[in-house]
Structure formats: structure tokens, C-alpha cells
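Right, one structure below, let's go through it.
No lab work stands behind these numbers, since they all come straight from the coordinates. Remember, predicted model here, so these are calculated numbers, not experimental data. Note: ideal-geometry Cβ built from the backbone for every residue, glycine included; neighbour counts use all protein chains shown.
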Amino acid sequence: MLTYQQALDWVYSFIDSEKNLPRNAAEFNLPRTLALLELLGNPQTHYPAVVVAGTKGKGSTCAMLEAILRAAGLKTGLFTSPHLHSYRERMQVNRTLPTQAELAALVAQIQEPVAALDPALGRPSTYEIGVALGLLHFARSGVDLAVLEIGLGGRFDAINSVTPLLSVITSISYDHTAILGDTLAAIAGEKAGIIKPGVPVLTTVQPPEAAAVIAQRAAEQGAPLFIATLGGVQERASGAQAAYPLDIVPAALSLQGEFQMVNAQLAAGAALLLRELGAPLSDDALRFGLAHTAWPGRFEIVATAPTVVIDGAHNGDSARVLLRALRQQPHQRLILVLGTSADKDIAAIARELVPAADQLILTRSRHPRALDPALLGARIAAVASAPVEHVDTVGAALERALQLAAPTDLICVTGSLFVAAEAREHMGLAQPD
């Protein structure tokens, strides 16, 4: 029997497809994923699913929708990536992680099928292995409905091996441009690759360039297209609109930040469409789910006096939205603890956040892709006017921020989910495994 550490070592022994891929790389191999799933008995066909793609808000939208489904009494699967603290976070049933023993047993079950894959298909990636583990775990657990977050792009992502009841596309902006393309139309084309023939698709109000691509793809696939607007879900073809059963305002949501309203509209809209497809989702379940969603590391207020916010913003658009939310928090000074991965658009992140800071503390996570604080300082120097300090670890950087802060100040730790995770761990909110 495998130990948990042996299971993780095996999973991570494969190609890391979550970094440095050229566009249309071989790691994005849906035939290989489908072949592996077939060897496993096609677990993805044992339950209905919702697939969620997009640039911003995928995880929050998935978490809100899962909370609504669970509030209605359904047994839910939730697949998301990356994880914050434990690999097992990626595949939750009723928001409960599989035990270490359960994860090890899942890995043991797929080792032989992985070895039996046709060598012509190539070696699977760590991400594909994780998707297979999650889909298998949900089948073995007997979930009623799974919510599946696309990892990167959409068209070639392993999750796109699933034919869902409903496809959802969150807000589209610039990210992973080296892989997905450097125009909104190109990026939208990759995200819209999740649209399946005849399967309804729900999106938010998108930039015109992205909206046109989504509409074209939906038309080509004969997929009914719906838009989650401020007032309700609008069918694009007829213009008919169904109202949400509540006012979607910050006070109705457990997730902080005004920007979460767009994600809540998508989650509520998805619930309404799923109800039309036969899911037993009451208005009360919808209200309760939105009011009780947990999604750590996304505008998470973890302390007061001074206020400490942890957020995993890692691109320019997310940083812009984060700054808007920070400005809505009463505070005297903003102390920014910033650490980024080397492969991100650091200039875009800095342009949004750095000029607003009264004090900068630059740091790095333990992740191999983390950028050295001195190099980060050089990259942001053109827009930095506040005092800058370099601190080698996230925990030490947060402690330094707390030393500098008055009770009326606001500390924000951001720049990457890896930084967010280490800040949470330092605050005693989680333990890595």
C-alpha cells in the first residue's frame, strides 16, 4: 500500500503542465486524457457536471455554485486548482478533502491504467493525473453533481474531456498570454473551447471582442447562450430575462469585495439554469449558498486593528479589482506585502497596486517560480514612490508589516496564491501537508 508521501511523489513525477508551456503544447492532449479515463471506466460519465472556464473569478464562482448545490441537499464534487495548502483540496466532496489514505488509494488505482496508456499518446502530465484522480474520486463517492474548474485556457484543458450539463465562462482578461494568445479574441477562443454541441453556456457581460468570439462559438455548436447580468439571466437569442430570487449585493454574500457580485451573478444564474434542467434548487438554497460560501485566500480578511487582507491576485486585471476593494476598506495607510511568480506580468500588477501603497514590503514564496525580492524591486522601481523593504520569507514579511502598522492601517498580502497560502499558514489558519 502506498503511503501518502509516496502517492504525492508519484503524482509530481510527471510533466508539470502548469508552467512554461508553448502554445498548443503536447501536454494539452485530450485524446490522452480520454484514453486514461476510458481505462478507468469513464468515471466522468457517472454524474452530471458544470464546467467553469475564464480568467478571473473561476474559483469563486465554482465555490458559490457548489455552496448553493450543497445547501439544496445535493452531494457535491468540487475540483479546483491550484491548491493553497494541501493537494487534496483539489478534489473535495461536500467541501471535505479526501483523507491522505483515500488519496493514496486513488493513486494506487490509477497507476496501472497510466502504465497501460498507448505510448504513442505520450506521457501524461501531473495536471492530467490530478484531473483523473478527481473525476474518479467523485465517481467513487457517488456525488450528485460536480463543479469542475478549468485549469488553464479551456479548449485543450484536461477538464474539457467532460461533457457537462452546463458550461460557464467567467470574466475574460489578459493572463497566460504566451500560451493562450495576446489578444482578448484569442484568449476568448481558448476559453470558449469548453462549449459543447447543444450544451447551454452561461457567461457574464464580457468585453465586446471576447463576447463576439463566445457568441460565434456557441452558434457554431448549437449551444443556447445566456448572459448573467445585474438584473438576471438573459437568453441572448430571445432577450428574455429571468430575475434572480434575491438582490445580489455585497451584504448578501459571504465573500468580501464588491467584485464578487459578478461571480455571484454567474453562480446564481447557473443555479437558475440548472433548475430548468431539473436540479432541485430552491430559492432558499440559492440565498443560503451565497451567504455561506467559503473561499480562502481571495480578499480574505484575517485580522483587524490593523486590518489584514490576503488575496491571491496574480495579474493586472485582478490587481485592479483588488485595489478597488481595498479602497472600500476604511484605513489610514496601505502597507503592501507583495510577492510574485517570475512568469507573471509583473509590470501590470505593479502598475495597479504599487502607486497606492504607503509602504512596500517585497517578499517571495517557497515556490520555485517565485521571483527574488531584489529582482522584484528592480522590476517595480519605475512606479514605486513609497519606502521599500526586502524580506526573504512571507511569514517574516507579514511580521514586519505588523510591526510597522498602526491599528488604523491596512495590510494587504498579495501577488500570488503561493504567497497567500504562506500568509494564511503563518497566521495559523492552515497547515500544509
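The table below lists the values:
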{"item": "Sequence of Ser81, Ser60 once ranked by neighbouring C-beta atoms within 10 Å, starting from the fewest", "result": "Ser81, Ser60"}
{"item": "Sites Ser385 and Thr45, calculated FRET efficiency, Cβ-Cβ separation with R0 60 Å, nearest 0.05", "result": "0.60"}
{"item": "Fewest-first sequence of Tyr127, Tyr4 by Cβ atoms within 10 Å of each Cβ", "result": "Tyr4, Tyr127"}
{"item": "Along each principal axis, Cα extent of the chain, largest first, Å", "result": "57, 53, 39"}
{"item": "Mean residue ellipticity (222 nm) of the chain, computed from DSSP H runs ≥ 4 via -39,500 (n - 2.57), nearest 500", "result": "-11500 deg cm²/dmol"}
{"item": "Length added when fully stretched, Thr96-Thr229, from 0.36 nm per residue minus Cα-Cα", "result": "44.7 nm"}
{"item": "Computed E for Leu277/Leu375 - FRET, C-beta separation, R0 60 angstrom, nearest 0.05", "result": "0.75"}
{"item": "Point-to-point label distance, Val205-Ala396, nm (Cα→Cβ direction, 7 Å offset)", "result": "4.7"}
{"item": "By average C-beta atoms within 10 angstrom, highest first, the peptides 198-206, 288-296, 7-15", "result": "198-206, 288-296, 7-15"}
{"item": "Estimated inter-spin distance, His292 and Leu429, nm [label 7 Å along Cα→Cβ]", "result": "2.1"}
{"item": "Packing-based ranking, highest mean first, of 348-359, 158-169, 310-321, 246-257 given that Cβ atoms within 10 Å are counted", "result": "158-169, 310-321, 348-359, 246-257"}
{"item": "Stretchable slack from Val249 to Ala237, in nm (0.36 nm times residue separation minus alpha-carbon distance)", "result": "1.6 nm"}
{"item": "Pairwise FRET efficiency - Ala406 versus Asp9, Cβ, R0 = 60 Å, nearest 0.05", "result": "0.85"}
{"item": "Rounded if a/c under 1.5, otherwise prolate or oblate - the stretch 73-182, Cα gyration tensor axes", "result": "oblate"}
{"item": "Arg333 versus Glu112: modelled label distance in nm, points set 7 Å from Cα along the beta carbon direction", "result": "6.4"}
{"item": "Three-way shape call for the stretch 233-387 based on the alpha-carbon gyration tensor, with the a/c threshold at 1.5", "result": "prolate"}
{"item": "Reach of Lys344 by Cα under 17 Å, taken over lysines that are not fewer than 8 positions away in the same chain", "result": "Lys19, Lys56"}
